[in-house]
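What follows is a set of notes on a single structure, which appears directly below.
The values are calculated or read from the model by the stated rules, or taken from the named source; none is laboratory data. The model shown is predicted, which means the values in this text are computed figures rather than measured ones. Backbone-built Cβ (ideal geometry, glycine too); neighbour counts: all protein chains shown.
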Amino acid sequence: MSTRINFDDLLAGTIVTDQYEPRGIIIERAQIIRDPYTPSPGNALYATEFSGPIEFPKAVLSFRFVSPNHSYIAVSPGTHFNVGGAATLTAYDTHGNALGSTYIDIPKGSHYAFGEFFSPAGAVIASFKVSGYRGDFDGIDNLIFDDTTVPQTPDFHLIYTGAEILRVSKTTTAQATVNVIRIHGSTGGISLTASSVPTGVVISSLTPNPVVASSFSLRVTASRDAIPAQNRQLVLTATPLVPSAGLVSHTITLLVTILDPYDVQIVGIEVTQGIQVFDLPEKPDPLSTAPVRYNGVRLAAGSRTIVRVFCSLRTPPRSTDLPRYSCYLHGSRNGATLPGGPISPQGAVSVAIERGGNNVSVAMRSDPGSGAVFQLPPEWTQGTITLRAEVQPDIGFGPELDNFDSVSQNDTFVLTDIAFTRTRDVRVAAIKLSISSINGGEVRDPGDVLEDCRNLLPIADNQFAVSLMATISIDHIFNQNTESCGFLGLSTCSLDSSSRAALVTDYLRDFVDDSGYIDTTGGRLIVGIYAAAAGERIRGLTSTECTGPFWDCDSLTVAIFRDSDRPLTSAAHEIGHMLGRKHASGTGGAKNPEDWPPDQQGFIQGVGVDRRTMRVLYPRDSTPFFDFMSYGGQAGGGDLDHWVSVRGWQATLSRLSASSALTPTTSPLGPKTEFPTVVENLADVTGVVVHAVVITEGGIKITKVAPVSGRKPLEGKPSAYHIIVQDRDSNTLYTSSPILVRNDVNMAGYIINLEAVIAVSNWPKVGAVEIHKADTPVARRVRAGIPPTLHDVLVKPDSAEKPSNWTVRWQANHPEGFPLTVKLDYSNDGGNHWVPRYFGPNNDTATLPNSYFSIATQNKGRIRVRISDGFDQVSAVSTGFDAPGSGPTVRIFSPQCCETFRTGCIIYLHGAAFDDSQEPITGQSLVWFLGEKQIGTSNTASVAIKAAGRQDIRLQATDSHSRTVSQSVEITVSL
C-alpha cells in the first residue's frame, strides 16, 4: 500500500506547510501553483525557498515524515521550460544523515519526469528534499510514499544505476551490477533468470545465483558471428525462493548494443614547406608499428612547416555512422619530447573512404581538407626530429558510440629522420622605379610584391627582409622609343621592352655601385620594382655576368620586375635568377635553360601546398603546374598555374644552406649596412668606372663614366670588346677588357652590358673613353672642358611634426649644356654616413617620402646632392636640420585576418618590423600578444588558444628610440 498526493485538493496560491500532516507528511513551506503541464492535471507544488549563490540559485522543497519509518518515496519534478531540466531527490535518516539520492533528468521537450528512491536495507527514511537549479527545476507533482499504517509484506526491488547501454563485441565484455533493495524485512534467496536475450549476445556469467545479499553481477559479450544491433532488450527476472524474501517476482530490463566494428588507419604523413615529392613514405605492412624514414625534399630550419596526416577507412562499419575523430601529433628530438606536444590539428579530422587502401591516394593528397592538418611550432623546426601521429575516436562529445575501431596497430604512424637545414639570410634592397605618368610614380610596397616569392624560398622565416631604400626616376627611359648610341652618340638605336629594361638595369647598377652595394660576396639582392601598368614597354630582367648565384659573380647582379599580376613569373622569377637558377627547361623559347627530365616542360614534378591558404597544387594531365622559372603555362592573373618545383626547391636550398660557400650571418639578418662616401677629393681618385649597353648589334651607348676611390680594378676575360681611356688629346692612357654582363631575356641572343673599373693614376688628365669592338671604335664619351656647377641646396618638410613628404631643391647647370643627372643621399649623423635615396635626370627639385628620413636630432640631418655630366661629378650638402623620423613599420604574415582555428591547435605566428632606417627589428624588441597577454617574442612564435570566440593577436615592435608601434589581426577560435 502507498500514499499518493497530487496537490489538486488545495487552491492555487495556497502556502503549504502542515496541510498534509494527517496523511503523514509535513512540508516546510511551498506554494500551490496552477500548472497546465503536470502529469495529473491541475496543481503543482512549487518551491519558495532557494539556496546557493545569487548567480546560480537552487530551488529546494523540504519534506518531513510524521512517522520516520518509511522505505520508499517517489516524485515527479518539473520545470515550466520545455528545453529540459533536472532535479535531485535526497533522503535522510532520523539523524539527518543522507541515505542516498536519485538524479532525475527531465528530457528536452518535456516538462516533468518521474523518479523514485528505495532506502538501503535496515535504514528508514525520516525526511527528504527535492532540489535543482532555478530554471531547471520549479516544483513537483504526484508525491508517493509507502503507507506504514498497514502491515507490510516482505518485498524487494531491482535497481540498476550503471551505463544506460551495455556495449559488447566479440572482443569486448560489458558488466552490470544490479542492486537488490530489500524492504519490509525481506531476507532469503532470490533466483535469477534471463529472457529475451538478443541474438548474438552471450551471457558470460550471472552471479551469485541465487542471490542472498544486496546485489548481483551480469557479464555479457557477443558471439564471433554477431550482427551489429543497437539498444536490444535483455530481461532479468528475480523470483523469491522463500516467503521471507518476498511473494512476487520482479524484472528489470537492460539495453544491450552489439558494437559495429570498423578500422580507421593512418596511411601516411606529409611534411611540407611548399613542395614535396609525389611518393610519401609507407609502412612495410599496414599493421606494422615500425617507424618509417622521411624521404622527401630538404627542409629549411625555422621555416613555417605544415604536416598533413592522412587517414583512411580500411574497413567500414556495417550499419552505423563513423564517429568524429581526433588526431594528435607528438614530436621528439634525440629521444626527448619536444615542448608543447602533443599538438592538435587546425580543423576537424577527415577520414577518406578508401576501403582497403593502405597508402595515400591521389584523391586524398589533392584534397586540402583530407586528414588532419598541423602547423609545427617554431621550436620543432630545428635539427632532426621524429613525428608520431595518432588517431582515435573523439569521445569527448555526445553519447557513447555504437561502434568501435577494431584494429589499434594502424592507428599510429611514426616518421623519423626529418632533418631541417640551417640557411643564410636573404636581404633585399628594393629601389622604386618611378614612372610619373603611371600611378603618380608610385609602386606597391616591396614587401607585398615579394610576399609570394618569400613564401616559396627555402629559408627561415626570420631570415628574409625586404626594405625600400630609394627611388629612381625612369621616365626618360620608359617614354623613349629610340636612344642615341654609337660613336659620340651620333647614331640612333630603336628601343623595345628588353632594351629599355637593359638600360634600366644599367641605371640601377650605376646608382648602387657607388653607394655601398659593391660587395658581391654577401650583400643584399638589389632589385628595382616598376608599376605593372607599364605594360609591354618594359619587361622584367636580371642583369648578371655569371651563371651562378649573385655572390659568385665578379660584378654586381641586379634585377627589375613588375609590382603586381605576376608575383611568381616576374618577381620570384628574377629573384630565382639572382640566386643562380636558370630557366626551368627550354619550353616557350627560354634561353640558357636547365635540363628538365623527363618532361622538358618545367613541371613542378611534385605536390605543392600553399602554407598560407592550404591550397593544394596536385598536377594532373588537364591541370599541370609549372616551376616559376619556366616559360610554360599562362603568366599573369596571379600566376595560378606556377609554383616552385621539387628540383628548384632542392637547388635553391643547397645554395642557401649554411654549409654552402656563402657563410651565413651569425644572427638573423646580420648587422646594419654601412654606406661609404663618394669621391670628394680628386687627389683620392684611383680609378674610373665605365658602364655601357650594347642595345643592338653595333649600337652601343656609354651610360656611365665616373671616378672611384679604393675600388679594385674590375676586368673581364678577353672578348671582342675593350675599353680605352684617353687623355684630352685622344692619346691612349689605359686599356681594359670589360666584363660582359648578360641580360637574360626571351629573345634571340642577349642584350649585353659592359662594365669595368680601370686603374688610373692621374684623373685630371683623363679626357675621353672609347669602346672598341675588335679594332673598330663603336662608342665614345668626351669629357667636358668645365665641370657642372651646383649651389643653394634647400630641404623642407610639408609638416614640421608629422611630415609625409620632403621637398629638396637646388640649382645646377652645365656651362657647355651637357645633360645632367642627380643623386640624393641622406645622413642623420651630420654627414658621417650617407644613404642613397634618389637618382634621376636633373630637374633642380625632388620630392622624397618621409620614410627616407630616419630620425635626426641636434640639426644632424643632411641632404647631399650629387650632380654628374656623365664624366665629372660635383656635390653640395644642405645645412643641418632635424627630422622626426617615424615609428616602426610592422607587418603580420601569419595568422591572416579572419582565419578560423580549432581550439587547442597550434597557431603559427610570423611577422616582421623595420625601423625608420629600414633595418629589421628582431629578437626581444618584437613582442606578440593575445589580447593583453604576452605570448612570444621575435619574428616567429606559436600559441595554442583554448578559449573559443573572436581573439585579437597583436605584434608590437619597439625601435632603438623606444618608439612602439603595433599591428593586430582578429581571428576566430571555434570548438
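Given the criteria in the same structural domain as Thr879 (by TED's automatic domain parsing) and either more than 18 Å from Ser484 (Cβ to Cβ) or touching an Asp or Glu at 6+ places or on another chain (Cβ under 6 Å) (or both), does Val793 qualify?
Values: in the same structural domain as Thr879 (by TED's automatic domain parsing): yes; either more than 18 Å from Ser484 (Cβ to Cβ) or touching an Asp or Glu at 6+ places or on another chain (Cβ under 6 Å) (or both): yes.
Answer is yes for this residue.
Val527 meets each of the listed conditions (1) surrounded by fewer than 24 Cβ atoms within 10 Å (Cβ to Cβ); (2) modelled with pLDDT of 85 or more; (3) part of a strand (DSSP E or B) apart from (1).
Tell me the strands (runs of 3 or more DSSP E) entirely within region 1-50 that contain at least 3 residues that are in contact with a strand residue (DSSP E or B) (Cβ under 7 Å, 6 or more places away or on another chain) and crowded, with 16+ Cβ neighbours inside 10 Å. Walk me through it before giving the result.
Numbers: elements: 2-5, 25-27, 30-35, 42-47.
Passing ranges, in order: 25-27, 30-35, 42-47.
Scoring Gly516 on the criteria (1) in a loop (DSSP other than H, G, I, E, B); (2) among the small types (Gly, Ala, Ser); (3) modelled with pLDDT of 90 or more; (4) crowded, with 19+ Cβ neighbours inside 10 Å leaves a single failure, condition (3).
State all residues of region 925-963 that are assigned to a strand (DSSP E or B), surrounded by 14 or more Cβ atoms within 10 Å (Cβ to Cβ) and of a type in the set (S, T, N, Q); if no residue qualifies, say none. Spell out how you get there, then give the answer.
Let us first name the residues in region 925-963 that are assigned to a strand (DSSP E or B), namely 926-930, 933-937, 940-944, 949-958.
Those left that are additionally surrounded by 14 or more Cβ atoms within 10 Å (Cβ to Cβ): 926-930, 935-937, 940-944, 951, 953-958.
Once the filter is applied, which keeps residues that are assigned to a strand (DSSP E or B), surrounded by 14 or more Cβ atoms within 10 Å (Cβ to Cβ) and of a type in the set (S, T, N, Q), region 925-963 yields Thr937, Thr940, Ser942, Gln951, Gln956, Thr958.
The set of residues from region 592-619 being in a loop (DSSP other than H, G, I, E, B) and without any contact (Cβ under 8 Å) to a residue 40 or more places away in the chain comprises Asp595, Pro597, Pro598, Asp599, Gln600, Gln601, Thr613, Pro619. Pull out all pairs, ordered by first then second residue, where Cβ-Cβ is under 7 Å, the residues are six or more apart or on different chains, the first lies in region 777-798 and is farther than 18 Å from Ala876 by Cβ, and the second is aromatic (Phe, Trp, Tyr) and buried (at least 19 other Cβ atoms within 10 Å of the Cβ). Pairs found: Arg781/Phe871; Arg783/Phe871; Ala784/Phe871; Pro797/Trp806.
If you take the residues in region 473-502 that are closer than 23 Å to Gly576 by Cβ and touching a residue at least 60 places away in the same chain (Cβ under 8 Å), which one is surrounded by the most Cβ atoms within 10 Å (Cβ to Cβ)? This residue is Ala502.
Those strands (runs of 3 or more DSSP E) of region 66-173 in which at least 3 residues are in contact with a Pro (Cβ under 8 Å, 6 or more places away or on another chain), considering only elements entirely within it, cover 85-92, 98-106, 127-133, 139-146. Quick check, is Ser110 closer than 23 Å to Gln31 by Cα, of a type in the set (S, T, N, Q), surrounded by fewer than 18 Cβ atoms within 10 Å (Cβ to Cβ) and without any contact (Cβ under 8 Å) to a residue 60 or more places away in the chain? Yes; evaluated as a whole, the condition is true for this residue.
Annotation: Ser827 fulfils all but one of (1) surrounded by 19 or more Cβ atoms within 10 Å (Cβ to Cβ); (2) of a type in the set (S, T, N, Q); (3) farther than 27 Å from Asn479 by Cβ; (4) in contact (Cβ under 8 Å) with a residue 40 or more places away in the chain; the unmet one is (4). Restricting Ser196, Ser186, Ser191 to those that are farther than 22 Å from Ala213 by Cβ and small (Gly, Ala, Ser) reduces the list to Ser196. Of all residues in region 271-302, those being among the charged types (D, E, K, R) and closer than 20 Å to Pro368 by Cβ number 1.
Could you pull out the residue among Arg864, Arg781 that is modelled with pLDDT under 95, of a type in the set (D, E, K, R) and crowded, with 18+ Cβ neighbours inside 10 Å? Before the answer, list the steps.
Details: Arg864 fails: modelled with pLDDT under 95.
The match here is Arg781.
Of all positions in region 229-240, none carries a residue that is farther than 30 Å from Val351 by Cα, touching a Ser or Thr at 6+ places or on another chain (Cβ under 9 Å), in a loop (DSSP other than H, G, I, E, B) and β-branched (Val, Ile, Thr). Search region 348-387 for residues being at pLDDT 90 or above, of a type in the set (Ser, Thr, Tyr) and not in a helix (DSSP H, G or I), and hand back the single one that is surrounded by the fewest Cβ atoms within 10 Å (Cβ to Cβ). Among those residues, the one meeting the criterion is Thr384. Counting only residues that are surrounded by 15 or more Cβ atoms within 10 Å (Cβ to Cβ) and closer than 17 Å to Arg864 by Cβ, region 792-808 holds 4 of them.
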